[in-house]
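Novice: One structure coming up, written as structure tokens, with questions to follow.
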Amino acid sequence: MPDAAHVKPLTALRFFAAFWVVLYHYWPNLDVGFTPAIASKGYLGVEAFFVLSGFILCHVYLAGFGEGRFRYGDFLWNRLARVYPLHLATLVGVGAMALAGAVAGLAVDPNILSWPSLPANLLLVHAWGLAPVAGWNHASWSISAEWFAYLTFPVFAFAAWRLRSRPLVAVLAALALIAVIYPVFEALAGFSLTEATIRWGALRIVPCFAYGCALHALWRSGRFPTRLAGPGAVVLGLAILAAIQFGAPDLSIVMLLGGLIFMLASLASAGSRFATQKTFVYLGEISYSTYMICIPWKILAINAATKVLNIEGDKLPLLIWILIVAALVPLSAISFHVIENPCRARMKAWAETWRERRLAAAGA
């Protein structure tokens, strides 16, 4: 069974999920006069991340949880080290851009510098209904939702551990949760759960995260014949594209995305080299940076391009649009190597230093 660092097809998938979100946000600025279905459904890339999160966290931590080796404080600190430095950096960056624009006399959306929303953003609770508007780096609402899942991970882990010997029951229960919660939420809230961000965003992750935990249980059980993983991945990939093209309900696409994640993990178990090439894996590793900087970069690049090219409105020619989108890759790499990775390592080093000091004090 591959360890967390070697489920490489899932790492690669993170890049495609991030790019799907990018396509959703950037396509409206392309001057072509139409929107393909794949772009209009790009918000579901977040659901893919949420399912992946449940799968990978169970892969890394579930055995330790079940065997009594799980340390909740260490877990939360490691997860905070993973997401918070870049969240803080992009929040500051968006604030600096907005202040600079205001000083320069440019029209700045007042919601971007929403000071009443700042405390919730800093505390990562702005997707819990505790922020009045979607201010600052709006994409970070999903990191707030992830933080909710991290805080409640013992609940998911308890259920996953109890059902580890009955993985099909776990998967069916997760699918039933999705089948129920999506229509019930829409009936009560008046909008789809997949549209929830700062309003009910913390709830949006719950069925997807549970689904990822259940799929991990099935994968870990080894009951699925890995020889079927390749054909299964192809079938599910095509099914996802067909469901998107023909306007299938979001909940069915989420279910299919989970199936694709399972098949890709099964390919890794079978020793397949599919999506294990260094380029794909590296793009997956920097995908968190891609996701977190895509909105700030869009604001900066689109405004700069329209002014330099003297374009009225915010629609860009194809070549300029491609250059702006492509620039996300080197910018993500810079963000990863300058902010995300070093800060994560520093925070983990702090934790190790504190642990050594506690042990030294206990032994004195």
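The values are calculated or read from the model by the stated rules, or taken from the named source; none is laboratory data. Because the structure is a prediction, the values reported are computed rather than measured. As a convention, Cβ positions derive from the backbone with ideal geometry for all residues, glycine included, and neighbour counts pool all protein chains shown. Protein only, heavy atoms only, side chains kept; ligands, DNA and RNA dropped before computing areas. Shrake-Rupley method; radii C 1.70, N 1.55, O 1.52, S 1.80 Å.
Novice: Scan region 200-245 for residues that are of a type outside the set (A, V, I, L, M, F, W, C), surrounded by fewer than 18 Cβ atoms within 10 Å (Cβ to Cβ) and either more than 27 Å from LEU163 (Cα to Cα) or touching a Phe, Trp or Tyr at 6+ places or on another chain (Cβ under 9 Å) (or both) and report the count.
Specialist: Total meeting the criteria: 4.
Novice: Also, I was wondering about something else. Is it true that GLY259 is at pLDDT 95 or above, touching a Ser or Thr at 6+ places or on another chain (Cβ under 7 Å) and either in a helix (DSSP H, G or I) or open to solvent by less than 20 Å² (accessible area, probe 1.4 Å) (or both)?
Specialist: Here the answer is no, as GLY259 does not meet what is asked.
Novice: Among the residues of region 77-95, count how many are over 17 Å from the mean Cα position of the chain (by Cα) and either closer than 22 Å to PHE153 by Cβ or of a type in the set (S, T, N, Q) (or both).
Specialist: The number of residues fulfilling the criteria is 1.
Listed here are the residues, each with its yes/no results for (1) out of contact with any Lys or Arg (no Cβ under 9 Å at 6 or more places or on another chain); (2) surrounded by 17 or more Cβ atoms within 10 Å (Cβ to Cβ); (3) over 30 Å from ALA242 (Cβ atoms); (4) not acidic (Asp, Glu).
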residue: TYR24; (1), (2), (3), (4): no, yes, no, yes
residue: LEU44; (1), (2), (3), (4): yes, yes, no, yes
residue: GLY66; (1), (2), (3), (4): no, no, yes, yes
residue: ARG69; (1), (2), (3), (4): yes, no, yes, yes
residue: ARG79; (1), (2), (3), (4): yes, yes, yes, yes
residue: VAL94; (1), (2), (3), (4): yes, yes, yes, yes
residue: LEU99; (1), (2), (3), (4): yes, no, yes, yes
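Novice: Can I ask one more? Note down all Cβ pairs under 9 Å where the first residue falls in region 149-177 and is open to solvent by 60 Å² or more (accessible area, probe 1.4 Å), the second is in a loop (DSSP other than H, G, I, E, B), and they're at least six residues apart or on different chains.
Specialist: These pairs meet every condition: LEU168/ARG223; VAL169/LEU163.
Novice: Collect the residues in region 120-145 that are at pLDDT 95 or above, open to solvent by 20 Å² or more (accessible area, probe 1.4 Å) and either in a helix (DSSP H, G or I) or under 27 Å from ALA217 (Cβ atoms) (or both), keeping them in residue-number order.
Specialist: Within region 120-145, just LEU122 meets the criteria.
Novice: Criterion first (within 23 Å of the chain's Cα centre (by Cα) and at pLDDT 95 or above) does ILE293 satisfy it?
Specialist: Criteria met by ILE293.
Novice: While we're looking at this one, here's another question. Scan region 146-166 for residues that are within 14 Å of the chain's Cα centre (by Cα) and either more than 14 Å from THR197 (Cα to Cα) or not in a helix (DSSP H, G or I) (or both) and jot them down. Can you show your working first?
Specialist: Kept after step one, since they are within 14 Å of the chain's Cα centre (by Cα), are these residues of region 146-166: 146-150.
If the condition is that a residue be within 14 Å of the chain's Cα centre (by Cα) and either more than 14 Å from THR197 (Cα to Cα) or not in a helix (DSSP H, G or I) (or both), then ALA149, TYR150 are the ones that fit.
Novice: Let me confirm something: among LEU193, LEU188, LEU122, LEU99, which residue is over 24 Å from the mean Cα position of the chain (by Cα) and closer than 27 Å to TYR84 by Cβ?
Specialist: Exactly one of LEU193, LEU188, LEU122, LEU99 is over 24 Å from the mean Cα position of the chain (by Cα) and closer than 27 Å to TYR84 by Cβ, namely LEU99.
Novice: What's the total number of residues in region 296-330 that are exposed (fewer than 12 other Cβ atoms within 10 Å of the Cβ) and either among the β-branched types (Val, Ile, Thr) or touching a Leu at 6+ places or on another chain (Cβ under 9 Å) (or both)?
Specialist: 3
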